Structures are given as structure tokens and as C-alpha cells.
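The values are calculated or read from the model by the stated rules, or taken from the named source; none is laboratory data. All of these numbers come straight from a predicted model, not from anything done at the bench. Virtual Cβ from ideal backbone geometry, glycine too; neighbours counted across all protein chains shown. In case anyone asks, the SASA skips ligands and DNA or RNA and just uses the protein heavy atoms, side chains included. Shrake-Rupley method; radii C 1.70, N 1.55, O 1.52, S 1.80 Å.
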Amino acid sequence: MMNRRILVAVAFVCGAALGAGASEVSDTLVFEQVDKVRIETRDTVQRIVISGQKDDPEMHYVQRISIPDTTAVRRQMRNVRDFNKIVITRRDDKPSKWSGSIHLNFGLTTLPGIPDGDVVRGIGFEAGIGLTADYNPFGKKNQWSVGLGFGYRHFEAPKNRYWTRQSGVMTLVPFDDAQTDRNASMYVSSIELPLLYTHRFDDRGRWAFSLGVIGRYNMGGTDRRYELAGEVYHVDGGLSVRPFSVDGLAVLKLRYLPAFYVRYSPMSFFRDDRGPKFRQLTFGVCF
């Protein structure tokens, strides 16, 4: 049977020392038919452990080596038969402090301060997608993020009424009695600019808490549909939504669960003096 060997080259590990049961061949240590080889890297120090050798099962070789380059390699091999199954992972000793991430969110939005009955079911829904650039100046547990995203909110109007603009003011008016199969809503699309701070309670981010603000550039409209004399009509209209608003945001991340968020806009939904004064409060999940 072909003789099995493990070669630990000095050129790779930046130096080696003679150990028990090892023979020196030029700049290479040769260990024949070893039972286990483990090579570990921690920052700039590498540790090599070789256990068990042909005719010497008690052989134990340990070598610590300083690595001056910027690449660290970790290898593990339990048996020489696994030689072809070694997995090598490369990483930088000084990882970048910047990273990027993508986010999705879905939530239910209430409208505190709106007159009773002005919104059917009292809630709307929101959805959003965004990208953030994440900065970790002091390790993984503290992170600052800035980003760009798109958000959408939708609100149903109360039964038998719809939103319209009269003399520049948003008003709820009733459908005509002859109009049937009625449905009306208003919607807002937003370009979003988040600024967040996140604290992780472990290095993997399985438990984390975020606080921040989101600036929003808003565009909106109204939509109503009804049937009259057997024909279906679909009418779009404008919405005097506030063009720019700022939301406060809090996010809680729990292990094995999606992140939960609360989002509050202290500014009135409509422009000043352009409609009823109410605000927006959202509860949802994000990924």
C-alpha cells in the first residue's frame, strides 16, 4: 500500500520546528500516517497540532507561528483519508468597516387624530424595500446606517364616501344614490432616506435594537370606482399629502423571529390647512 504522508511546508506556515518522531527534509517536516492534523488561525497567530503517527500513537506535535501577512487560513483534517475534503476559508485580518444590506417591511398603519368614521376599519397597510450602507467603526455590536428606499401606503375610505379635493382642501363626500358597487381609497408613495443606529447584543446580530429617523418625500393620489346605469367608472384624483415628512423608527430583533418595528410620523398627513389633521402610526415586521 502506498505510504501516506502529511507535509507541513515552512514556506506556507512561515517557519517550523522539529518535533518528536519527525524527520527533517530540507525545509519540510514529514509526518507519516498521522491520525489527526489541525491547523488553526487566530488573528495573526497560527497553531498546528498533529496527533498520532505510524508506530507512535502517542506522538503529539504542537507549533505556534506568527503570520505577518494579511490573509488567515483555517484548516482541519481528522484523518489522512480526508485529505481531499479539507475546506479552506480565507478572510482578511482587518475586515472592512463598511457593509451593505437590503431590507423589506410590511405593516399596518393607523391614523391617530382622524375624525371618527373617516377611514373604514381604522387602518391601512404599508410595504417598503430599501438598501442601507452600514458602518461598524468599533466592531460588530455598534452600527450606523444610511440608506435609500421606496415605501407605499394604502388607506380605504369609509363606506359610501370618497376623498376629493374641493377648493384645495381634502374632503370626504358621499357617493350619489344612483352609484352602486362603490369603492374608494387614497395612497401615498414615498422616496425614503433612513438614518439609523443599531446595537447588537451578540456578535451575530441575533438580538438587536435599532433607533432612527426616516425622511420621506411623498406623492399621493385618490382612487374611486363605482357602477352607474350598468357601466363601471374608475376615477383618479389628486391628494394634498405633505410633500416631506419625518418618521421616528424603533426596531427590535429577536432570535429565530423577524424584526418587529414601530414607526410614528408626528407631522400631519395632509399639508397645513389642506384637510383634516391626523398622523400615522405603524406596527409591522421587517427582514
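When the test is whether a residue is among the small types (Gly, Ala, Ser), within 30 Å of Ser101 (Cα to Cα) and either part of a strand (DSSP E or B) or touching a strand residue (DSSP E or B) at 6+ places or on another chain (Cβ under 9 Å) (or both), Gly215 passes it.
Scanning for something surrounded by 20 or more Cβ atoms within 10 Å (Cβ to Cβ) and in a strand (DSSP E or B), does the stretch 173-182 turn up at least one residue? Checked against the condition, which is being surrounded by 20 or more Cβ atoms within 10 Å (Cβ to Cβ) and in a strand (DSSP E or B), the stretch 173-182 yields no hits at all.
Results for (1) at pLDDT below 95; (2) open to solvent by less than 30 Å² (accessible area, probe 1.4 Å); (3) in contact with a Cys (Cβ under 6 Å, 6 or more places away or on another chain), shown as yes or no for each residue.
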residue	(1), (2), (3)
Gly205	yes, yes, no
Leu211	no, no, no
Leu239	yes, yes, no
Tyr261	no, yes, yes
Phe270	yes, yes, no
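Just a yes or no: is a residue in the stretch 162-171 touching a residue at least 12 places away in the same chain (Cβ under 8 Å), farther than 28 Å from Phe270 by Cα and out of contact with any helix residue (DSSP H, G or I) (no Cβ under 9 Å at 6 or more places or on another chain)?
Here is the first cut: in the stretch 162-171, the residues touching a residue at least 12 places away in the same chain (Cβ under 8 Å) are 162-165, 168-171.
After this cut, where a residue has to be farther than 28 Å from Phe270 by Cα as well, the list is none.
Scanning the stretch 162-171 turns up no residue that is touching a residue at least 12 places away in the same chain (Cβ under 8 Å), farther than 28 Å from Phe270 by Cα and out of contact with any helix residue (DSSP H, G or I) (no Cβ under 9 Å at 6 or more places or on another chain).
From the list Tyr197, Tyr226, the one residue that fits, being over 19 Å from the mean Cα position of the chain (by Cα) and either closer than 26 Å to Ile129 by Cβ or part of a strand (DSSP E or B) (or both), is Tyr226.
Residues are listed down the side, and each one gets a yes or a no for (1) surrounded by 15 or more Cβ atoms within 10 Å (Cβ to Cβ); (2) outside any strand (DSSP E or B); (3) modelled with pLDDT of 75 or more:
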| residue | (1), (2), (3) |
| --- | --- |
| Ile48 | yes, no, yes |
| Gln63 | yes, no, yes |
| Pro68 | no, yes, no |
| Val73 | yes, no, no |
| Asp82 | no, yes, no |
| Val87 | no, yes, no |
| Arg90 | no, no, no |
| Ser96 | no, yes, yes |
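Is it true that some residue in the stretch 252-271 is without any contact (Cβ under 8 Å) to a residue 24 or more places away in the chain, farther than 24 Å from Gly220 by Cα and in contact with a strand residue (DSSP E or B) (Cβ under 9 Å, 6 or more places away or on another chain)? Looking for residues that are without any contact (Cβ under 8 Å) to a residue 24 or more places away in the chain, farther than 24 Å from Gly220 by Cα and in contact with a strand residue (DSSP E or B) (Cβ under 9 Å, 6 or more places away or on another chain), one finds at least one in the stretch 252-271, hence yes. A residue that is open to solvent by 70 Å² or more (accessible area, probe 1.4 Å), of a type in the set (Phe, Trp, Tyr) and within 23 Å of Gly248 (Cα to Cα) occurs somewhere in the stretch 123-130. The listed residues are Gly275, Gly220, Gly284, Gly230, and the only one of them that is out of contact with any helix residue (DSSP H, G or I) (no Cβ under 9 Å at 6 or more places or on another chain), at pLDDT below 90 and crowded, with 18+ Cβ neighbours inside 10 Å turns out to be Gly275.
Being modelled with pLDDT of 90 or more, crowded, with 16+ Cβ neighbours inside 10 Å and of a type outside the set (Gly, Ala, Ser) narrows it down to one residue among Leu196, Leu148; which is it?
Values: Leu148 fails: crowded, with 16+ Cβ neighbours inside 10 Å.
On inspection, the qualifying residue turns out to be Leu196.
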